[in-house]
Amino acid sequence: MAAVGLMFPPDRQALALLEPLLDDIDYGGVTPETLWGPGRAPNAFHGILAQLAGALPFVAHGVAANLCGAEGGHWPEHLRALARDHAIFRFLWASDHLGAVKLGSEHVGLPVPIDAPPARLRRRLGYLRALVGTAAVENSAVYAWPGPMADEARALGESLGQEHHLLLDVHNLWTGAINAGESPQAWLDAAPLDRVIEIHISGGKDAPPAWSPDRRRRLDSHDDAIPEPVWALLEQVLPRCPGLRGVTLERVEGSFGAPEIPRLREELQRARELSVHHGLPLGQPQQGSLNAALELLDENEVGLTEPHLARAYRCREVPAGLDPQGFGIACRLVLRLRFERLIHGDVQAAQWFERDDAGFAVEMARYHREVPMTASTPWDEAALWRAWRAQSLSTTS
């Protein structure tokens with residue numbers, strides 16, 4: 001019987017609202033990077049969730065490991081922070097997203113598809129496996145992809161082998177199918193479903209019509225109820241995933257209030273009813289070794305490549321072979337993530353946006369085009385913004 005879990009969003013108010021659901025879940029999920037402050041030191045959110053770690057099993061689901069990106073220089077510090085947290089949370093397994101969040105020296109913030117060698121993904125999952133004991137990668141929510149979706153599924157099979165696992169996000173799969181104009185069945189038929197250890201279920205919204213006037217597009221926004229096609233996909237794939245250990249519900253902070261809690265409970269209960277006769281027990285955490293993980297690091301892989309792709313996402317220069325409207329949606333999401341980093345890190349920028357959103361949007365768009373995305377945290381983004389603003393003002397004065 002597969003267990004049922006809930007991802008915990010990094011927000012005090014959201015956690016307080018979700019507290020009544022603790023009796024409805026078997027484990028919790030957390031994004032490790034949301035536990036970290038400057039220098040990857042534990043933040044306040046870390047302290048709140050650590051209080052649950054003794055009573056509730058946890059899984060780690062990251063967004064910043066950059067599993068497919070060419071730049072690997074962040075791995076030593078990333079693994080050290082994850083090892084510290086594993087000693088507290090005793091993660092059952094660790095996963096991250098397929099794709100690259102760092103292109104050259106720039107942090108795009110969104111896992112974007114790149115043509116990475118399977119050996120690179122396999123090696124980096126090996127780091128997580130050595131540290132936590134079990135590692136998995138999540139399939140992409142595709143907005144623009146150069147080729148059939150099934151190509152991604154086949155590449156995953158080649159990368160995972162018999163050592164690593166797949167985190168199957170059925171909303172990502174459904175989103176990608178809508179955006180690519182394909183059926184999800186070809187992807188499922190090509191995917192290594194025998195390696196699925198966890199399934200994610202969530203909802204989202206359609207992209208605004210102005211973003212794609214020719215046809216419907218879908219956002220993997222995790223901010224709405226789970227749609228019926230996703231439930232149907234879940235019911236279809238459960239019998240095909242013999243190694244499944246958990247089905248996890250995702251919902252982002254700010255997308256629900258107290259009236260939504262009964263619906264979230266119903267979704268958890270529905271997931272339990274569907275998965276009760278499928279999969280394996282949740283299992284126990286493994287010890288792992290930081291030294292073993294660090295010894296696996298390949299110093300030769302550290303190098304700044306793919307900077308042209310980072311510029312493409314900033315300046316909307318559509319790479320050859322990609323659907324312009326789909327790529328435009330991905331570019332908008334990259335800009336939105338950068339905007340969110342900035343207003344969380346700079347009070348004056350946030351106040352400007354509240355006072356004059358149109359004027360701020362013009363300046364933010366210019367900043368985004370001109371300044372590479374070398375910051376990965378709100379405070380670093382704020383420093384870049386202030387330096388750019390100071391230079392702009394001195395140039396015009």
Compute the distance from the alpha-carbon center of the range 101-132 to that of the range 257-291, in whole Å. 26 Å
Between the alpha-carbon centers of the range 141-218 and the range 4-24, tell me the distance in whole angstrom. 26 Å
Surface accessible to a 1.4 Å probe, Arg263 within the full protein complex, Å²: 100 Å²
Potential extension, Glu273-Gln286 segment - 0.36 nm per residue separation minus Cα distance: 1.8 nm
If Lys and Arg each add +1 and Asp and Glu each add -1, what is the summed charge of the other residues whose beta carbon sits under 15 Å from the beta carbon of Pro57? -3
Enumerate the amide H contacts of His200 below 5 Å, restricted to partners 5 or more residues apart or on another chain; note that Pro and chain-start residues carry no placed amide H. Leu168, Asp169, Val170, Thr248
Which ³J(HN,Hα) values, rounded to whole Hz and listed in residue order, are derived for the range 361-371 from phi using the Karplus coefficients 6.51, -1.76 and 1.60 in 6.51 cos²θ - 1.76 cosθ + 1.60 with θ = phi - 60°, glycine and proline given as x? 4, 5, 5, 5, 5, 5, 4, 5, 5, 8, 10
Mean accessible area per residue over the range 41-123 (1.4 angstrom probe, all protein chains present, square angstrom) is 32 Å²
Once the whole set of protein chains is in place, how much accessible area is left on Lys102, using a 1.4 Å probe, in Å² to the nearest 10? 40 Å²
Kirkwood estimate for the range 196-248, i.e. one over the average of 1/r between Cα atoms, Å: 12.7 Å
Name all residues of the range 199-226 having a backbone nitrogen under 16 Å from the label point set 7 Å from the Cα of Glu235 along its Cα→Cβ direction, giving them as ranges. 226
Got a number for carbon plus sulfur as a percent of the chain's accessible area, 1.4 Å probe? 54 percent
Within the range 105-166, which trypsin sites (Lys or Arg not before Pro) sit in a loop by DSSP and count at most 12 neighbouring Cβ atoms inside 10 Å? none
Could you do me a favour and compute the accessible area per residue for the range 153-202, 1.4 Å probe, result in Å²? 28 Å²
Net charge of neighbours whose Cβ lies under 10 Å from the Cβ of Ala293, counting Lys and Arg as +1 and Asp and Glu as -1: +1
Please give, to one decimal in nm, the separation of the simple spin-label points placed at Leu296 and Arg263, each 7 Å out from Cα toward the Cβ. 4.0 nm
Count charges around Glu317 for me, please; just the other residues with Cβ under 11 Å from its Cβ, Lys/Arg as +1, Asp/Glu as -1. +4
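The values are calculated or read from the model by the stated rules, or taken from the named source; none is laboratory data. Since the model is a prediction, treat every value here as computed from it, not as a measurement. Virtual Cβ from ideal backbone geometry, glycine too; neighbours counted across all protein chains shown. The protein model used for the area step is the full one, side chains on, heavy atoms only, and it has no ligands, DNA or RNA in it. Shrake-Rupley method; radii C 1.70, N 1.55, O 1.52, S 1.80 Å.
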